[in-house]
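Novice: To start, I am sharing the structure in question, which I have written as structure tokens.
The values are calculated or read from the model by the stated rules, or taken from the named source; none is laboratory data. It should be emphasised that the depicted structure is a prediction, and the values quoted were computed from it without experimental measurement. Every residue, glycine among them, receives a Cβ derived from its backbone with ideal geometry; neighbour counts consider all protein chains shown.
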């Protein structure tokens, strides 16, 4: 119920908490205060408390938070206690890189299929999964309970493929194509626009250069 | 001067404007009103005007903005009228995908070198650039005016490599390693944490599922 009101900004910060808490847990740290976590993550302690209060505060008592408990709870909020089957559309370098990334499996994201329209790539092995032709897409996602599709194809084909995915029951699209997808309500889209990120870097680089010259 | 006060949130939106304006320009559209741009991009017209006012408003007169002028000006603000030499550290699938991405070159980002510690990858060709051993990193970036490094290596090695890069004159790091880098002031870092993005998708997916069940 309460989860409905939480802003995307807070949600966007949860994976970073999860990452730091996972590292602390692996290092054998059992408890941590918001002040210590603040110094480690370089965000204010009040920001941390505010973020956590969205989820009931995670019962900070006496000396700080229980690391393992906090890690597990944030993992549950992020839905990482469930498993999701995903397919990759586009078996180029980026698609293969994502297929080979073992960390996703540790988080419950199971790599089930990879598709490409290029016949030269069909049959290629990506971590035990054979590249299939695009013609098999619809049947495959319906028969294998696929809920996430990763789009690593050029923007010209992305809109049409997204429509096919949605029509066949995909619930979420992780979109690397350089285009904004319009999907029906209830379909989740998370964009990774690499060029946009590089341009932001470029802006900060050129702005800093100008500041240096003007000093 | 005025650029100094502009928030990272506004900067983060500029590449998307640039992308839409580039598409309009390619379609031969000469002028566009903030209302039309608003409908196209699905942001409010007042947001667009506010964002543009940070840069003097781009002289909207009579019927809307001059598309080509606006595209060029935003490109200049983003520093895309300059060229930057970049190297990639890590010649795995992700590193090779980025090396092969021609769009970066169109934006003035020139792919000059790629490095890997794995001897099996050294010598491999990535779009005409041979993979070099890590031992050559320092000399190469000093002698080739490299200002951007792209980090696509596992997090265990990333912190040490970032230090080496900074000591040898790199001004910006595009970081795909799953770790937050601490760099001296004046060094720009832009993070692409793919796992974080996937977790955000997972959250929205599992939240939506719960809402559906409770309805």
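Novice: Name every residue in region B:156-200 that is over 18 Å from the mean Cα position of the chain (by Cα) and under 19 Å from residue A:14 (Cα atoms), in order of residue number.
Specialist: Listed by number, the residues that qualify are B:198, B:199, B:200.
Novice: Let me ask something else. Please verify whether region A:84-98 includes one or more residues that are buried (at least 16 other Cβ atoms within 10 Å of the Cβ) and farther than 26 Å from residue A:161 by Cβ.
Specialist: no
Novice: Please specify each residue of region B:165-187 satisfying the condition of being part of a loop (DSSP other than H, G, I, E, B) and closer than 15 Å to residue A:208 by Cα.
Specialist: Residues satisfying the conditions are B:169, B:170, B:171, B:183, B:184, B:185, B:186, B:187.
Novice: While we're on this one: When you check residue A:43 against the structure, is it in contact with a helix residue (DSSP H, G or I) (Cβ under 6 Å, 6 or more places away or on another chain), outside any helix (DSSP H, G or I), farther than 20 Å from residue B:201 by Cβ and not assigned by TED's automatic domain parsing to the domain that holds residue A:107, yes or no?
Specialist: For residue A:43, the condition - in contact with a helix residue (DSSP H, G or I) (Cβ under 6 Å, 6 or more places away or on another chain), outside any helix (DSSP H, G or I), farther than 20 Å from residue B:201 by Cβ and not assigned by TED's automatic domain parsing to the domain that holds residue A:107 - is not met.
Novice: While we're looking at this one, here's another question. From the list B:96, B:19, B:49, B:31, exactly one residue is free of Cβ contacts under 8 Å to residues at least 40 places away in the same chain, more than 15 Å from the chain's Cα centre (by Cα) and within 12 Å of another protein chain (Cβ to nearest Cβ). Which is it?
Specialist: Only one candidate passes the filter, namely B:96.
Novice: I'm trying to understand the selection: among the residues of region B:179-191, which are within 11 Å of chain A (Cβ to nearest Cβ), touching a helix residue (DSSP H, G or I) at 6+ places or on another chain (Cβ under 7 Å) and crowded, with 16+ Cβ neighbours inside 10 Å?
Specialist: The answer is B:179, B:187, B:188, B:190.
Novice: To continue, here is another question. Only one residue in B:48, B:11, B:74 is over 17 Å from residue A:199 (Cα atoms) and in a helix (DSSP H, G or I), so which one is that?
Specialist: B:48 is the lone residue from the list that is over 17 Å from residue A:199 (Cα atoms) and in a helix (DSSP H, G or I).
Novice: Out of the residues in region B:135-164 that are away from every other protein chain (no Cβ under 14 Å) and without any contact (Cβ under 8 Å) to a residue 24 or more places away in the chain, state the one that is farthest from residue A:205 (Cα to Cα).
Specialist: Once the filter is applied, the top-ranked residue is B:135.
Novice: Take the residues of region A:99-128 that are closer than 24 Å to residue A:81 by Cβ and more than 14 Å from chain B (Cβ to nearest Cβ): which is surrounded by the most Cβ atoms within 10 Å (Cβ to Cβ)?
Specialist: The first filter runs over region A:99-128 and keeps only residues closer than 24 Å to residue A:81 by Cβ, leaving A:99, A:101-113, A:127.
Now restrict to residues that are more than 14 Å from chain B (Cβ to nearest Cβ): A:112-113.
Details: A:112: 17, A:113: 22.
Per the stated criteria, the residue is A:113.
Novice: Select from region B:165-178 the residues that are in contact with a strand residue (DSSP E or B) (Cβ under 7 Å, 6 or more places away or on another chain) and within 11 Å of chain A (Cβ to nearest Cβ) and write down the one among them that is nearest to residue A:101 (Cα to Cα).
Specialist: B:176
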